[in-house]
Amino acid sequence: GTISLDAAIMDGKTRAAGPIAGTSNAKNPITVARKVLEDGRHVLLSGAGADQFVNEQGLETADQDYFETPERREQLEQLQSGKTSALNTETKFGTVGAVALDSEGHVAAATSTGGITGKRWGRIGDAPIIGAGTYADDRACAVSATGQGEYFIRVGVAHEICARVRLDGEKIVPAASAVMA
């Protein structure tokens, strides 16, 4: 019943990254991820450390009820009653991703998610894992992915797509299709 959020942002010019995982107080997790990138001391903050960083930076916070939606509450209740599983593909939603290309040819990627309902405590998905759900490299492309996080982490999906574009000269759609095959 506790809501936690993950986010990541990556700059393709410098390949600097700022992911956070398991924050429970950040009103806008992608803003926190950006602040982690800009701060530069660490690449990934999680859980209580991410929440403390939010507070230290004076970033906007929210109580747990701010993040709850009727759909996710119903999803949790169905899961708890045994009517569905946490991996029910019909009820996945909530990850938001974006890639950008600026006028100088630099790329960036950002991904933010509440993850899956009913996830095991401490579980971190692919969105904040650089190279799995988020990756940007000016030499190739930018990727913000969503899907079954464990698969994306094991394969390093976002990085693999960029590597195929950079090293093999593949176009992005065929590269993504090959990685996901």
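The values are calculated or read from the model by the stated rules, or taken from the named source; none is laboratory data. As the structure is a prediction and not an experimental result, all values here were calculated from the model. All Cβ positions, glycine included, derive from the backbone under ideal geometry; neighbour counts span all protein chains shown. Surface accessibility is based on the protein's heavy atoms, side chains included, excluding ligands, DNA and RNA. Shrake-Rupley method; radii C 1.70, N 1.55, O 1.52, S 1.80 Å.
Which value, in Å to one decimal place, does the Kirkwood hydrodynamic radius take for region 1-54 when every pair of different Cα atoms is included?
10.8 Å
Going by accessible area, probe 1.4 Å, with all protein chains left in place, what is the ranking of ARG15, ARG139, ARG41, ARG154, largest first?
ARG154, ARG41, ARG139, ARG15
Per residue, how much accessible surface does region 135-181 expose to a 1.4 Å probe? Answer in Å², no decimals.
For region 135-181, the per-residue accessible area is 52 Å².
With a 1.4 Å probe and all protein chains left in place, how much of the accessible area of the chain comes from carbon and sulfur atoms, in whole percent? Don't skip to the answer; put the middle values down first.
Numbers: 5050 of 9810 Å².
Whole-percent figure for carbon plus sulfur exposure: 51.
Note down the nm distance, to one decimal, between modelled labels 7 Å out along Cα→Cβ at VAL173 and at ARG120.
With each label placed 7 Å out from Cα toward Cβ, I get 3.8 nm.
Give the dimensionless ratio obtained when the Cα radius of gyration of region 18-79 is divided by 2.2 N^0.38 Å.
Output field value: 1.25.
Over region 33-88, give the accessible area per residue in Å² for a 1.4 Å probe, as an integer.
68 Å²
Rounded to the nearest Å, what's the spacing between the alpha carbon centres of region 44-73 and region 126-181? Just the number, please.
27 Å
How large is the helix-only mean residue ellipticity at 222 nm for the chain, computed as the sum of -39500 (n - 2.57) over DSSP H runs with n ≥ 4, divided by its residue count, in deg cm²/dmol to the nearest 500?
Result for the chain: -10000 deg cm²/dmol, rounded to the nearest 500.
Could you count how many Lys pairs in the chain have their Cα atoms under 18 Å apart, skipping same-chain pairs fewer than 8 positions apart?
Lysine pairs meeting the criterion: 5.
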